[in-house]
Amino acid sequence: MYRFNIRFNPDDATAQQAAEYLLSLRHGNRNRFVIEAILAQMPGKEHVTLMEELRRVIREEIQSMPVSSLTVNVANTATAAGTAAEDQDENDNAVLEDLALFE
């Protein structure tokens with residue numbers, strides 16, 4: 001096991017912001033964050049972060065989803081189709097907003 005002491009200059013606004021962010025993470029997440037940040041900066045090393053892997057899996061799952069899985073009653077086709085299209089648009093927008101959080 002390796003242990004490191006990191007000191008942040010309280011007079012440096014960016015250092016203070018970084019320290020506050022690290023303190024907001026749980027202990028295990030702090031370690032993972034620091035490890036991934038170091039690996040991402042190492043020259044000549046390809047490193048897939050957890051977030052990149054999550055993005056890849058989510059994209060694959062979304063691409064494999066059927067475009068529409070709604071069943072529409074024939075008697076209410078016009079009304080239901082309009083509502084279904086609106087619902088689908090809202091769902092699509094919600095998914096895109098959620099994916100934007102990963103970037």
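Side notes on the structure shown:
- Across the range 17-26, coupling constants 3J(HN,Hα) worked out from phi with the 6.51/-1.76/1.60 Karplus curve, θ = phi - 60°, read 5, 5, 5, 5, 5, 4, 5, 6, 8, 5 Hz, and Gly and Pro carry x.
- Label-point gap, in nm, between R59 and E36 - each point 7 angstrom along Cα→Cβ: 1.6
Values in this text are rule-based calculations from the coordinates and carry no lab data. As the structure is a computational prediction, the values presented were derived from the model and not from experiment. A quick note on method: Cβ atoms are made from the backbone with ideal geometry, for glycine too, and the neighbour counts reach across all protein chains shown.
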